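Down below is the structure, laid out as structure tokens.
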Amino acid sequence: MSEERYLTFALGKGRLAQKTLALFEEIGITCEEMKDKDTRKLIFVNEELKLRFFLAKSPDVPTYVEYGAADIGVVGKDTILEENRNVYEVLDLGFGKCRMCVCGPESARELLKHHERIRVASKYPHIAKEYFYDKKHQTVDIIKLNGSVELGPLVELSDVIVDIVETGGTLKENGLDVLEEICPLSARMIVNPVSMQMEAERIKSLVLAIRKKLAEKQS
Ligand code: PRP
């Protein structure tokens, strides 16, 4: 029998990665090396199960998976939609729940009802463009920002923003509201299309084990 090859996971850095590893642990997949908070290592291995893990900036996770540098990735649906890579989305992990919304001051609500040209600031220009152009058929100027997007309407850079809303706290503290909801978001598992064929058995049993665990936790 041929030597089993490593199955490689790319995890979006931060809270999602922590939650993913906790879930993996519940189905018997552990990576002790990764628990060392002081480590500067980038790749972590579970020799026994022939698994490798690495942490990456979220927007890079679909890139690693599309090119096959990782077989499997875990990242937010927001990143999947924004990056629009050739990957299979196989599982909703159910955590990291939030919403992609159009937000702004209450006074901007009216601007969304007509087809006039407005300015939209976002960390997600692709999602914003698709929503306004393809869904609402409204011509907009999209201004790409890299964070603290709520500043856009506050300093009159933009009329509205397209951004993630989780608790709504940031909006509230800055006198902004959700004006329209674009879509719900959560952490998803993505798979490289070639890996899906070549490693079908291992990937399917992993997905099944996680699905079973998630169902157990819900009941
Ligand atoms: C995200 C998002 C909102 C905020 C929403 O920002 O872009 O700003 O969280 O969360 P809330 O509804 O619970 O207040 P993040 O903290 O990732 O930082 P960023 O603004 O620099 O992107």
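The values are calculated or read from the model by the stated rules, or taken from the named source; none is laboratory data. These numbers were taken from a predicted model, which means no experiment stands behind them. Glycine also receives a Cβ, built like all others from the backbone with ideal geometry; neighbour counts cover every protein chain displayed.
Would you be able to tell me the number of residues in the range 104-114 that are of a type in the set (Asp, Glu) and either outside any helix (DSSP H, G or I) or not assigned by TED's automatic domain parsing to the domain that holds Ser158 (or both)? Residues meeting the conditions: 0. Taken over the range 96-135, the criterion of being of a type in the set (Lys, Arg), within 25 Å of Pro59 (Cβ to Cβ) and out of contact with any Gly (no Cβ under 7 Å at 6 or more places or on another chain) is satisfied by Lys97, Arg99, Arg119, Lys129, Lys135. Total residues in the range 32-44 satisfying the condition of being more than 22 Å from the chain's Cα centre (by Cα) and either within 24 Å of Leu208 (Cα to Cα) or not polar (S, T, N, Q) (or both): the figure is 8. Residues considered: Leu21, Leu16. Of these, the only one that is assigned to a helix (DSSP H, G or I) and over 30 Å from Lys172 (Cα atoms) is Leu21.
For the range 155-205, filtering for residues that are of a type in the set (A, V, I, L, M, F, W, C), under 19 Å from Val87 (Cβ atoms) and in contact (Cβ under 8 Å) with a residue 60 or more places away in the chain leaves 9. The residues of the range 115-132 that are closer than 18 Å to Pro153 by Cβ, not in a helix (DSSP H, G or I) and not aromatic (Phe, Trp, Tyr), listed by number, are Glu116, Arg117, Ile118, Arg119, Val120, Ala121, Ser122, Lys123.
Applying the criterion of being among the polar types (S, T, N, Q) and closer than 18 Å to Ile164 by Cα to the residues of the range 133-153, the residue that is farthest from the ligand (Cβ to nearest atom) is Asn146. Number of residues in the range 154-178 that are under 30 Å from Gly94 (Cβ atoms), more than 8 Å from the ligand (Cβ to nearest atom) and part of a loop (DSSP other than H, G, I, E, B): the value is 2. Residues satisfying the criterion are absent from the range 123-132 (criterion: buried (at least 21 other Cβ atoms within 10 Å of the Cβ), in contact (Cβ under 8 Å) with a residue 60 or more places away in the chain and within 16 Å of the ligand (Cβ to nearest atom)).
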